[in-house]
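> Submitted below is the structure of interest, expressed as structure tokens.
Any read-out appearing in this document is the output of simple, stated calculations on the displayed coordinates, not a laboratory observation. Note that the structure is predicted; figures quoted are calculated from it, not measured. All Cβ positions, even for glycine, are placed from backbone atoms using ideal geometry, and neighbour counts span all protein chains on display.
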Amino acid sequence: MNNQKEAIQALIEEYKRVIHEGTAEDFLAILSAENRCTLISIATLYDGRETIANEFLGKMRDLYTEIELISESLDINQVDEDTAVVIFGYHTECQRRNTGEPYGIKGLETQVLKKEDDSWKIVHVHYSKVVD
């Protein structure tokens, strides 16, 4: 079980790297190829691997020159051998592309993961913003 948690933590670290500096191809590599993938941002549902990799990540690249996703209090619940739910608090440190101003949000994120060919992949992401 510890090896599984370490593998899941490594996937979350790769997810954060992809948000920070990755490409659409990098995002596709961490998303499930065997299951329908969805991502719910604050007000938008992205349905499908290509949509998440291109539209969600593309929107982030259009809005910000810098994005750092910092996770806090990672909670991993391995439901069975091939399914896990990960919940963590997060905050972002960004720089707006149009003004150069710093910007950030904080909230909670939930991810559903499935194991495919001995590797964990993201099936679903849902994040919410905490209003100050």
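> Which of these, SER41, SER32, SER73, has the largest mean-square fluctuation under a Gaussian network model of the chain (Cα springs below 10 Å)?
Largest GNM mean-square fluctuation: SER73.
> Also: May I ask you to compute the full-extension gain from SER73 to ASP117, defined as 0.36 nm times their residue separation minus their alpha-carbon distance, rounded to one decimal in nm?
13.0 nm
> A follow-up question, please. Between ILE42 and HIS91, what length in nm is gained on full extension when 0.36 nm per residue of separation is reduced by their alpha carbon distance?
That works out to 16.3 nm of additional length.
> Moving on. What are the semi-axes of the equivalent ellipsoid for the stretch 28-132, taken as the square roots of 5 times the Cα gyration tensor eigenvalues, largest first, in whole Å?
26, 17, 11
> Moving on to the next point. Excluding residues on the same chain fewer than 8 positions from LYS129, give the lysines whose Cα lies under 18 Å from its Cα.
Cross-link targets: LYS16, LYS59, LYS106.
> Compare GLY48, GLY89, GLY58 in a GNM of the chain, Cα atoms joined below 10 Å, and give the one with the largest fluctuation.
Largest GNM mean-square fluctuation: GLY58.
> Right, next: So which residue, out of ASN54, ASN98, ASN35, gets the largest mean-square fluctuation from a GNM of the chain using Cα contacts under 10 Å as springs?
ASN98
> For the stretch 1-84, take every pair of Cα atoms, bin their distances at 5 Å starting from 0, and report each bin as a whole percent.
Here the calculated profile for the stretch 1-84 is 3, 13, 21, 25, 21, 12, 4, 1.
> To the nearest 0.05, what FRET efficiency results for LYS59 and GLU25 with a Förster distance of 25 Å applied to their C-beta separation?
Efficiency at R0 = 25 Å is approximately 0.90.
> Hey, if you put +1 on the Cβ of every Lys and Arg and -1 on every Asp and Glu Cβ in the chain, which of SER119, VAL130, ILE76 ends up farthest toward the positive end of that dipole?
After comparing all options, I get VAL130.
> Quick check: the angle from helix 2-21's long axis to the longest principal axis of the chain, C-alpha only, nearest 10 degrees?
20 degrees
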